[in-house]
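A short write-up of the structure that comes next.
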Amino acid sequence: MITFGLDSAGRTAAVALMRDEELLYEGFLAAGHTHSEVLMGLVDAAFRATGLSPADVDLWGVCAGPGSFTGLRIGLATVKGLALVHGAPCAAVSTPEALAFGCPPGEGAVLAALDARRGEVYWAAFDLERHARLVPDAAAPVKELAQFVENCKKPLFFVGDGAALCYNEYGRAPGVLPCPPALGLCRGAGVCLAARAANQRGEAVPAAVLSPRYLRLSQAERERAARGQSLRP
């Protein structure tokens, strides 16, 4: 099975191609460019380097959220456009789950966090032995993660572009271990592995029904709701 994985949910962009368990190609960019500028270049480089084409892909994986609203839309549109032509199924991957699958199996737990601005993160946690989910994806202030961090019985480390916020708050908590920032960002291989797991659970869908999972309202929607509240008698 050829699996293609793509992430554009956060500050970085990543793609990968796998044949069964073998990683054929992985590309990653964190140069500050917008995803609309670089994503198709990464996709094209992956296929050129491997000699494959979109027609060879058996399963498309893409981070569907949570994450940057614009980034998610760009990534989903890219995969949807490529997959629709050839009819291969797609897996809408949880971004925290993709981050967790990018970590090698082992003893401990990983808390995957994306910076959601205003002191909040999108987050979830996973047991690393089998990448089993411990808590569902959620959006919350960093301070509200205290109960999970304090009650976690295994060594715990943070990954994702929101990891620094978590380390600033909980870095000295018992059981929390450091993770180099460069090794804690979302990888295309993690998206591929999470997509394969989703496919095995029967969660792959046609490209036409791919949709984002935002978890919270956009800033424009929040501002509109706030204006509506202020106008009420």
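Numbers for the structure displayed
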{"item": "In region 102-120, the residues that are acidic (Asp, Glu) and more than 16 Å from the chain's Cα centre (by Cα)", "result": "Glu107, Glu120"}
{"item": "Yes/no for Asp58 being more than 20 Å from Gly160 (Cα to Cα) and exposed (fewer than 12 other Cβ atoms within 10 Å of the Cβ)", "result": "no"}
{"item": "Pair list, Cβ < 8 Å and 6+ apart or interchain, from region 97-111 residues that are more than 16 Å from Pro180 (Cβ to Cβ) to residues that are of a type in the set (Asp, Glu) and surrounded by 21 or more Cβ atoms within 10 Å (Cβ to Cβ)", "result": "Ala98/Asp7"}
{"item": "Single unsatisfied condition, Glu26 versus (1) assigned to a strand (DSSP E or B); (2) at positive phi", "result": "(2)"}
{"item": "Among (1) closer than 14 Å to Val191 by Cβ; (2) at pLDDT 95 or above, the one test that Gly10 misses", "result": "(2)"}
{"item": "Positions within region 1-31 being open to solvent by 10 Å² or more (accessible area, probe 1.4 Å) and of a type in the set (Val, Ile, Thr), in sequence order", "result": "Ile2, Thr12"}
{"item": "Region 98-118 - residue that is of a type outside the set (Gly, Ala, Ser) and open to solvent by less than 20 Å² (accessible area, probe 1.4 Å) and, of those, nearest to Leu185 (Cα to Cα)", "result": "Leu99"}
{"item": "Thr50 vs. criteria open to solvent by 50 Å² or more (accessible area, probe 1.4 Å) and over 13 Å from Gly160 (Cα atoms)", "result": "no"}
{"item": "Residue match in region 168-183 (condition: touching a strand residue (DSSP E or B) at 6+ places or on another chain (Cβ under 7 Å), open to solvent by less than 30 Å² (accessible area, probe 1.4 Å) and part of a helix (DSSP H, G or I))", "result": "yes"}
{"item": "Selection status of Ala92, touching a residue at least 40 places away in the same chain (Cβ under 8 Å), in contact with a strand residue (DSSP E or B) (Cβ under 7 Å, 6 or more places away or on another chain) and surrounded by 19 or more Cβ atoms within 10 Å (Cβ to Cβ)", "result": "yes"}
{"item": "Matching residues in region 38-69 - criterion: being modelled with pLDDT of 95 or more and among the hydroxyl-bearing types (Ser, Thr, Tyr)", "result": "Thr50, Ser53"}
{"item": "Selection within region 85-112 - at pLDDT below 95 and more than 18 Å from Asp127 (Cβ to Cβ)", "result": "Val85, His86, Gly87"}
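The values are calculated or read from the model by the stated rules, or taken from the named source; none is laboratory data. Since this is a predicted model, take the numbers as computed values, not measurements. Cβ: placed from backbone, ideal geometry, glycine included. Neighbour counts: every protein chain shown. Keep in mind that these areas ignore ligands, DNA and RNA; they rest on the heavy atoms of the full protein, side chains included. Shrake-Rupley method; radii C 1.70, N 1.55, O 1.52, S 1.80 Å.
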